[in-house]
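None of the figures in this text is laboratory data; all of them are computed from the coordinates on show. Since the model is a prediction, treat every value here as computed from it, not as a measurement. All Cβ positions, glycine included, derive from the backbone under ideal geometry; neighbour counts span all protein chains shown.
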Amino acid sequence: MIERLADPAEARAWCAERRESGASVGFVPTMGALHIGHLSLVERAVAENDFACVSVFVNPLQFDDPSDLECYPRDFEGDARLLEGVGCAMVFTGTLEQFFPGELSADGALASARLVDPGPAAEGLEGACRSGHFGGVATIVERLFEVVEPERAYFGRKDYQQALVIADLARRRGGPRGIVCDIVRESSGLACSSRNALLTDGERERAVCLSRSLETVDAAWREGARDAALLGALLRENLERVGVEVEYAELRDPERWSAAAPLGELERAVALVAARVGGVRLIDNRVLGVGGDGRG
């Protein structure tokens, strides 16, 4: 039976008890509305640790759009049932006040000076499109790491830039070991996302253009194309042809992150896209030449 905890303080005590007994704890932080992509992370955490735990918390610190926060899907009990089915030992949630007791202002906000610096990987793309997003991510993830103190933490490659930010955070604080797992896709190729539940059937069909556009650029890379501007233009053209609202469609050197797109010939590249389909914002990426989801 999975342990369901509604207070981070209880989760801290639960994790501490397991660690003190010599057991390893694997951790998957989530905002809930779990899908097979999340569950694949949990399954790996279960396989590689004595205990696996999951946080379910829709973090207001990382939303720049109040309406996006309001409509984000929530189903803690449904999530707990799914987690129990894959062997998760504990799931916990909480409120912003419970995660930051005594640190919120009278209107329930956390002071901007309290936000964690997300580091250079937060520059450009998602960082440019979503003001304050990565500061909010880094702040809650640091607190979650303090609550759980896991040996290993698991993240999905779909949130590519976020995974870089969290990896930097983990290095700065000396742990945990961050494990980035491959993107899980629906049969159509659409990357699994909690936001997919907000798509209509017609929008879901159109949304497949994200993964198909990435496939087109990967094919060009495999045929020898290396010019950053050419590949970026190809990526954007394939998205715009379908009529989705493109926020960005660019390449980066995965080993030398930069705020702006690199110029000239590339030795290695990851292609990243963000687009709105209907009113739903979706992101996807592909590491070029090494498998669609980062596999060699």
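Things to note:
- Rough spin-label spacing in nm, given labels placed 7 Å along Cα→Cβ, for S131 and A111: 2.2
- Antiparallel DSSP beta bridges within the range 2-142, as percent of all bridges there, nearest 5: 10
- Span from the the range 38-53 Cα centroid across to the the range 160-230 one, whole angstrom: 21
- Of the labelled figures (1) 32, 20, 20; (2) 34, 29, 18; (3) 31, 26, 18, only one reflects semi-axes √(5λ) of the Cα gyration tensor in Å as derived from the coordinates, namely (1).
- If the Kirkwood radius is taken over C-alpha pairs of the range 79-119, then at 10 °C and 1.306 mPa s the Stokes-Einstein diffusion coefficient equals 123 µm²/s.
- Three principal axis lengths of the range 194-287 [C-alpha, angstrom, descending]: 39, 25, 17
- Spread of Cα-to-Cα distances over 10 Å intervals beginning at zero, given as percent, for the range 23-118: 14, 40, 31, 14, 0
- Percentage relative contact order, the chain, counting C-alpha pairs under 8 Å, at least six apart: 17
- Interatomic Cα distance distribution for the range 114-176, bins of 10 angstrom, percent: 22, 58, 18, 1
- The chain - share of DSSP beta bridges that are antiparallel (%, nearest 5): 50
- Of F27, F134, F51, the residue with the greatest mean-square motion in the GNM of the chain, using alpha carbon springs below 10 Å, is F51.
- Evaluated over the range 42-193, the Cα radius of gyration and Dmax, each in Å: 15.8, 47
- Proxy reagent accessibility, fewest Cβ within 10 Å first, across D107, D253: D107, D253
- Relative packing of 154-163, 123-132, which averages over residues the other C-beta atoms within 10 Å, highest first: 154-163, 123-132
- Amide hydrogen neighbours beyond the local backbone of E250, cut-off 5 Å, H modeled: L272
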